[in-house]
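The values are calculated or read from the model by the stated rules, or taken from the named source; none is laboratory data. Please read these numbers as outputs of a predicted model, since none were measured by experiment. So basically every Cβ, Gly included, is an ideal-geometry build from the backbone, and we count neighbours across all protein chains shown.
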């Protein structure tokens with residue numbers, strides 16, 4: 001199972017993936033539905049033509065927004081409901097040929113919504129189509145429609161689950177360091193920017209720990225890179241055993257790490273850092289070689305940017321190095337927090 005924290009980190013990427021899928025469905029659906037809308041209009045089926053045009057217009061509005069890299073203005077639920085209604089009207093007016101539109105709709109709902117919402121919508125759509133079909137085409141054909149729609153729903157669930165799993169794993173590979181399992185710099189900037197925004201808008205503080213292993217080159221030179229790799233993995237394991245689920249560990253360099261501690265003040269973060277320093281020595285030392293870490297601690301300022309916050313953490317780390325290593329050093333207050341006289 002992928003941890004909840006990983007799913008939360010890639011959630012924006014999955015949302016973007018769904019938007020791209022909707023864009024593809026919207027373009028294909030609009031091009032397919034418009035000719036039928038004109039045909040229904042020419043044949044005097046005004047209600048069906050109007051329902052089809054409404055669905056196409058909803059598709060187009062959101063597709064245009066996505067094309068211009070904007071958030072879709074119309075919630076997907078407000079597109080799903082008119083789509084289901086249009087299919088019911090098509091079944092009522094066209095019989096079995098109208099029911100055929102339910103099959104692509106089942107697939108679209110399955111990929112556009114979270115699994116639970118998709119299944120509720122699809123179940124409601126199937127019930128609606130079956131209810132109308134029973135009146136229009138009779139029981140024998142309705143049973144076939146119901147069975148094939150349920151099978152389509154089952155297969156689409158299996159395929160959609162596989163796609164979501166593969167997509168999540170691929171996204172995690174992009175933002176994860178393959179050696180240690182910690183997150184890499186690709187995900188660091190976005191995560192720090194979000195913490196800065198929460199501090200600025202809601203006053204929710206956060207602290208970061210800039211961590212560097214002391215004299216790590218000695219490990220590689222003395223024992224070989226395979227041992228050095230094992231030490232790095234042990235460091236991440238030791239850190240994760242001591243921090244909370246909501247804390248996030250990043251590998252920012254060869255033996256450099258950054259730990260983000262949401263909802264944590266400078267004083268509390270310093271205690272966490274000292275605990276981690278001891279845990280790393282206990283859990284990552286190899287043979288008679290004692291592995292130690294220097295850590296700089298910085299709490300985000302009320303008006304500073306992520307880059308400034310990181311720089312203060314790095315300066316605190318340098319202070320720890322200069323003071324003899326294997327210690328925790330606190331960052332200076334951000335300029336905006338310095339009292340004026």
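Values as computed for the structure displayed
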| quantity | calculated |
| --- | --- |
| Residue tally, condition within 19 Å of residue 80 (Cβ to Cβ) and either surrounded by 20 or more Cβ atoms within 10 Å (Cβ to Cβ) or over 35 Å from the mean Cα position of the chain (by Cα) (or both), over region 127-139 | 4 |
| Lone qualifier among 233, 199 - being surrounded by fewer than 18 Cβ atoms within 10 Å (Cβ to Cβ) and either within 24 Å of the chain's Cα centre (by Cα) or at negative phi (or both) | 233 |
| Odd one out for residue 105, checked against (1) over 23 Å from residue 163 (Cα atoms); (2) crowded, with 21+ Cβ neighbours inside 10 Å | (1) |
| Condition check for residue 67: assigned by TED's automatic domain parsing to the domain that holds residue 135, modelled with pLDDT under 90 and more than 27 Å from residue 153 (Cβ to Cβ) | yes |
| Number of the exception - residue 300 against (1) closer than 21 Å to residue 185 by Cα; (2) out of contact with any helix residue (DSSP H, G or I) (no Cβ under 7 Å at 6 or more places or on another chain) | (2) |
| One residue from 110, 43 being surrounded by 15 or more Cβ atoms within 10 Å (Cβ to Cβ), in contact with a helix residue (DSSP H, G or I) (Cβ under 9 Å, 6 or more places away or on another chain) and in the same structural domain as residue 138 (by TED's automatic domain parsing) | 110 |
| Which listed residue is surrounded by 15 or more Cβ atoms within 10 Å (Cβ to Cβ) and in contact (Cβ under 8 Å) with a residue 40 or more places away in the chain, from 180, 142, 83 | 180 |
| Residues of region 279-304 satisfying the condition of being loosely packed, with under 15 Cβ neighbours inside 10 Å and under 29 Å from residue 198 (Cα atoms) | 302, 303 |
| Lone qualifier among 316, 329 - being touching a strand residue (DSSP E or B) at 6+ places or on another chain (Cβ under 7 Å) and either outside any helix (DSSP H, G or I) or under 24 Å from residue 223 (Cα atoms) (or both) | 329 |
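Okay, residues lined up against (1) under 23 Å from residue 117 (Cβ atoms); (2) more than 31 Å from the chain's Cα centre (by Cα):
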residue	(1), (2)
32	no, yes
51	yes, yes
63	yes, no
66	yes, no
71	yes, no
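Each row is one residue, and each column tells you yes or no for (1) touching a helix residue (DSSP H, G or I) at 6+ places or on another chain (Cβ under 8 Å); (2) surrounded by fewer than 20 Cβ atoms within 10 Å (Cβ to Cβ).
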{"site": "189", "(1), (2)": "yes, yes"}
{"site": "237", "(1), (2)": "yes, yes"}
{"site": "261", "(1), (2)": "yes, no"}
{"site": "268", "(1), (2)": "no, yes"}
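Conditions (1) assigned by TED's automatic domain parsing to the domain that holds residue 234; (2) at pLDDT 90 or above; (3) crowded, with 19+ Cβ neighbours inside 10 Å, marked per residue:
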residue	(1), (2), (3)
148	no, yes, no
157	no, yes, no
162	no, no, no
192	yes, yes, yes
205	yes, yes, yes
210	yes, yes, yes
